[in-house]
1. Skip the ligands, DNA and RNA, and give the accessible area per residue of the range 285-338 with a 1.4 Å probe, whole Å².
2. Can you tell me which of 321-333, 687-699 comes out highest on packing, and rank the rest after it, using the mean Cβ neighbours within 10 Å?
3. Using r as the Cβ-Cβ distance of Asp675 and Asp760, and R0 as 30 Å, what FRET efficiency do you calculate, to the nearest 0.05?
4. Residues with amide H under 5 Å of Asn250's amide H, sequence separation 5 or more or different chain, H placed in the peptide plane at 1.01 Å from N; which?
5. When the accessible area of the chain is computed with all protein chains present and a 1.4 Å probe, what percentage of it is carbon and sulfur?
6. I'd like to verify something in the chain: which complete DSSP H helices, judged by Cα projection on the helix axis, reach 27 Å or more and average at least 0.0 on the Kyte-Doolittle scale?
7. Which pairs in the list Lys196/Lys393; Lys546/Lys744; Lys263/Lys418; Lys483/Lys546; Lys546/Lys629 are over 27 Å apart, alpha-carbon to alpha-carbon?
8. Could you tell me whether the range 368-470 comes out rounded, prolate or oblate from its Cα gyration tensor? Rule is a ≥ b ≥ c as square roots of the eigenvalues, rounded for a/c under 1.5, then prolate if a/b exceeds b/c, otherwise oblate.
Amino acid sequence: MSLTRALAAFVVALAAVPLLLWLYLAQSNRARWDGEVVLEGLTAPVRVDRDEQGVPYIQGESWPDVIRAQGFVMSSDRLYQMELMRHVAQGRLAELVGERGFETDVLVRVVDIPGIARRQVALLAGEGRVWFDAYLGGVNAYLEQHGDDLPLAFSLLSLTPEPWTLHDLVAIQALNIWGSSANWRAELIAQLLIEKLGPERAAEISMISVNPDVAGGREAQVPRDFEAIGLRIDPEREAHWPRPEAVASNSWVSGPGRSAGGKPILANDPHLDARRLPGFFYPIALVTPQGRAVGLAPLAAPGLGLGRTDRMAFGATNGYADMVDLYIEREDLANPGHYLEGARSLPFALREEHIRIRDREHPDGYRSETVTVRSTRRGPILSDHGMIVESGKLLSLRWSWPEALSPNMGAHEVIAAKSVGEALRIVARQPVSLNYILADVDGHIARVPSGPVPIRREGDGSHPLPVRDSRDNWAGFLSLEQKPTVYDPPEGWVGAANHDLVPDGYPFAYSTYFAPSWRYRRLRELMAGDRVLGVDDHWRFMRDVKNTLAVRLAPIFAAALRDGDADDHEWAQILDDWDFVESVDAVAPSLFQTLVVHLALRTYEDELGEELTGRFLDNLYYWNERFAKQVEENAASWFDDRRTDAVETRDEQIRLAAGDARAYLTERFGRRSEDWRWGALHTVTFASPVLPGERAARWLGGGTHPMEGSGETLNRAIYRVSERYDTRVIASARIVYDLSDSEKVTAVLPGGVSGRYFDDHLTDQLPAWRSGEKRHWWFSDAAIREHAEHTLNLVP
């Protein structure tokens, strides 16, 4: 062989090494999807078909057998993700990741997720207990039989999973329930604002809740007799507190008269931080002679969280019902170890939490820290951990779900429900705060809130309430009849976009913390009239990126900019010509979003200071609706910069903010405005939870991509102001259930079924999610068999 040919052969062989390594890792890290496996505990064989996307269709003779197989199958695909969530829910993340997991563990232990889960496990009974036991059996059977076939991520972390317990499963569900309760962070902001500005000035930027179905809006109460506690929060520690999982969502349903097939069509796209592959939800179908269901299963949970059955479809959004209150307590300084309720001195309840931290410098590889948690009759003292308050003052936290535990967590009941009327009470008593959207084959539709919502005697839950005596401020929980429920509305449709859905004259303090109204306003526009809608319409609506906040504010911005310099005139013209659609190729969304951010900074930073302004603006739901109102009504005192001798107007500040935004965009992309495309500025990265970052995402994730939409559009793409346009929250699934279609549902994930690195099914649905292509998951026996590409038979 000539030297040239030999060299060419060497180069080809060298180039093939990465491909061969990739193929080896893909094959060696893939779960078993074909053949026959013994699954102990089954009473009859179970068949698991997989379609071209790897979606499992589990078919058995009974629900316990199918649920046992569900535990087995989910473990084969998502075991590392389950293991990671088990450590978070048990307050043991630091065992995996070291010091950076410590503060997460502290908050989980302070709230007592593990302790509440133990209480819930002790209560589980009936069919719900049967389902959890069956699921647990499937998980542990997979571990016992396939301990040598663990996902690659276990090797990367030198982790050997322990057998699972019911407590592990329930703790993960408890963590998810806690994750739907985000308003307590808004209470901290309210307290900081009142202490910084005083009650009257703080009231001017308090939260506004707007229900577009009724006139006006509701402002959060700011107490005139507030109690200052000198609150300070350590931002470094707070940065590691677990973020709410159930951030947002859209869901709506058209009734039979508005649906092309003559039966309801329900759409749902849960908005979560689904950037960490493989995402929050697991697509699955469960089939028995007693019924069938297809949809989305939460991690490590039996049954479905969202889906359709033979008789019904059920979607959900975060309801933001206020299930957590903060209280200002007083320590009894004359009696150490006690706190006061008026003149009554009571002892703190104490517990010690021992947190194990991975530490390479320690001889055993781990060190331990002990955290002491004090509690009053309302709950744990939050201010002992990552906060500073005045001597003798405390902040406690009270969460309603631990006071409303029941023998049933409800998953099996939702699947078994035959009608909307039957499902109303079932979903209303679910432990998590959601707005369920329901439909049945008989044509009924509804929206019903879930979760134990306290009946407050005093206050609206928007700020910490001082404890002045021993009286309980909660007088029980709202019943189904007392919750803002909608059943068969005359408009022929009903929906939820995390907005305020409280009707006029509502007598209870339900919540003051909701999403701004922009998405729901757009949904009302799309659903207006009596037009008959098909699946394609609903699918298109989920991907809609018209910004109704921009409809209101962009003309005001453009008018102010027309009085500026040549650069301002260019921006004014771009905004004037804009159709308010936030597509990736448009420049106008970049101008609008950066202008909003910089105008908000100029509006609030002079009075709040940099740190509090950052905290305020990172909580979109707190300020966004209020800011729009101030811009529209020209709230002059807020636009005047108190750091200067001049009196700045709103329009002057708009022009100054445009200058700030222009400098930012120029620094990133250069002077040419045509290079300031929204998709260049606003991106989303699908990454690994083990190796985060854009570079690792190319190999272990789904890469970085332009992202259309924003926090104000139905196609959700939320960024935090402090993280400057990097998308955090997206649609974790898009799914449309047409109850007239007995063959399929239309659905897609921003990832895939598998959680195993180098597996094609980790990211194979991502291109369709990005492009808007419709994919299908199958419902009928014939469709399941027709599309089966793999079959695993599980036998007793």
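The values are calculated or read from the model by the stated rules, or taken from the named source; none is laboratory data. This structure is a prediction, so every number in the text was calculated from the model and none was measured. Positions of Cβ are generated from backbone atoms using ideal geometry, with glycine treated the same way; all protein chains shown enter the neighbour counts. Note: areas computed on protein heavy atoms with side chains; ligands, DNA, RNA excluded. Shrake-Rupley method; radii C 1.70, N 1.55, O 1.52, S 1.80 Å.
1. That works out to 22 Å² per residue.
2. So the peptides 321-333, 687-699, ranked by packing, come out 321-333, 687-699.
3. 0.30
4. Distant-sequence amide H within range of Asn250: Asp269, His271.
5. 51 percent
6. 3-28, 588-618
7. Too far apart for the 27 Å limit: Lys546/Lys744; Lys483/Lys546.
8. prolate
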